[in-house]
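First up is the structure itself, then whatever we jot down about it.
The values are calculated or read from the model by the stated rules, or taken from the named source; none is laboratory data. Note that this is a predicted model, so its numbers are computed, not measured. Don't worry about glycine lacking a Cβ; one is built from the backbone with ideal geometry, like all the others, and counts go over all protein chains shown. For the accessible areas, the whole protein counts, side chains as well, though only heavy atoms, and no ligand, DNA or RNA atoms are used. Shrake-Rupley method; radii C 1.70, N 1.55, O 1.52, S 1.80 Å.
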Amino acid sequence: MADAQIREKVNQKLIESGEYERLSQYLRQKLIENGWYEQVTELASDTLRAQENPNFEKLVDLVEPEALALVPEFVKVELLSMIKRFLEGIVD
């Protein structure tokens, strides 16, 4: 089975079980608690001010790598752990 097919099946199981929403809520909560939204908002604002002809796609291209890097490591680790536990539960 190709990686894309596996990813699609996992996404389908996450959505069907309600786990996707639970993981999304966890991520949103942790990002808010740790100031990520404020940091990314400031980064986006600064980037927009520096652009001569701002547009959304260019903004995303410029901000996304740094925004992803700003996600606290413990949040990434915990989220991956939660996904792993879910996958172990559906494989058993």
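Compute, for segment 1-49, the length of the dipole vector about the Cα centre, with Cβ point charges of +1 (Lys, Arg) and -1 (Asp, Glu) only. Units Debye, rounded to 20. All intermediate terms of the calculation are to be shown ahead of the outcome.
Values: 7 positive and 9 negative charges, 26 e Å.
Dipole magnitude for segment 1-49 comes out near 120 debye.
Placing +1 at every Lys and Arg Cβ and -1 at every Asp and Glu Cβ, with all other atoms neutral, what dipole size does the chain have around its Cα centre, in debye to the nearest 20?
On the way: 11 positive and 18 negative charges, 60 e Å.
Rounded to the nearest 20 debye, it is 280 debye.
If you find the alpha carbon centre of segment 1-27 and of segment 50-92, how far apart are they in angstrom?
15 Å
Please sort through the DSSP H helices of the chain and keep those with an alpha-carbon extent of at least 24 Å along the long axis and a Kyte-Doolittle average not below 0.0.
On the way: long enough: 73-91 (27 Å, 0.87).
Span-like helices in the chain: 73-91.
Averaged per residue, what accessible surface does segment 1-88 expose to a 1.4 Å probe, in Å²?
Working: 6630 Å² over 88 residues.
Accessible area per residue, segment 1-88: 75 Å².
Any number yet on Rg/Rh for the chain, C-alpha, Kirkwood?
Details: Rg = 16.7 Å, Rh = 15.4 Å.
Computed over Cα atoms, the ratio is 1.08.
Which percent of the accessible heavy-atom area of the chain goes to carbon and sulfur, probe 1.4 angstrom? Present the calculation step by step, with values, prior to reporting the outcome.
Details: 3870 of 7030 Å².
Carbon with sulfur: 55 percent of the solvent-accessible area.
Per 0.36 nm of contour for each residue apart, how much would the distance between Tyr37 and Ala4 grow if the chain were fully extended, relative to their Cα-Cα spacing?
On the way: separation 33, 0.36 × 33 = 11.88 nm, distance 3.00 nm.
That works out to 8.9 nm of additional length.
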